[in-house]
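Written below as structure tokens is the structure these notes are about.
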Amino acid sequence: MTKSREKFVELAEKRVNRAMKELRLIGNLSNKTNYEYTDTDVTKIFRSLENVLKDSRNKFKNGYTNGADEFKL
């Protein structure tokens with residue numbers, strides 16, 4: 001493997017695993033015993049996540065684009 005390929009694999013594995021962990025933690029917010037939220041809140045959360053995922057995928061197809069920087073309810 002080339003150095004640039006090795007670096008890509010190393011960083012991709014670390015970043016994707018970290019993102020997966022954080023997404024699981026977002027799922028923990030669904031516990032109604034501990035948290036109060038509305039359907040609108042849930043829709044905003046997942047719309048934002050889907051947009052970031054779509055932006056990231058598009059970067060691989062079209063090069064760098066600038067998406068939303070921060071999430072707010």
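The values are calculated or read from the model by the stated rules, or taken from the named source; none is laboratory data. Since we're looking at a predicted model, the values are computed, not measured. Glycine gets a Cβ as well: all are built from the backbone with ideal geometry, and neighbour counts include every protein chain shown. Quick note on the areas: whole protein, heavy atoms, side chains included, nothing else; ligands and nucleic acids left out. Shrake-Rupley method; radii C 1.70, N 1.55, O 1.52, S 1.80 Å.
Here are the numbers for this structure:
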quantity	calculated
Principal axis dimensions, the chain - Cα atoms, whole angstrom, descending	50, 24, 15
At most 12 other Cβ within 10 Å, DSSP loop - GluC sites (Glu not before Pro), region 10-58	Glu36
In the chain, the chymotrypsin sites (Phe, Trp or Tyr not before Pro) that fall in loop regions by DSSP, at most 15 other Cβ within 10 Å	Tyr35, Tyr37, Tyr64, Phe71
Inter-site label distance for Glu36 and Glu13 at 7 Å from Cα along Cβ, in nm	4.6
In the chain, trypsin sites (Lys or Arg not before Pro) in a DSSP loop with at most 10 other beta-carbon atoms within 10 Å	Lys32, Lys72
Accessible area per residue, Å², region 1-67 with all protein chains present, probe 1.4 Å	92
Helix-derived mean residue ellipticity, 222 nm - over the chain, DSSP H n ≥ 4, -39500 (n - 2.57), to 500	-24500 deg cm²/dmol
Carbon and sulfur %, accessible surface of the chain computed with the full protein complex present, 1.4 Å	53
Cross-link reach list, lysines versus Lys59, counting only Cα pairs under 29 Å and skipping chain neighbours closer than eight places	Lys3, Lys7, Lys14, Lys21, Lys44, Lys72
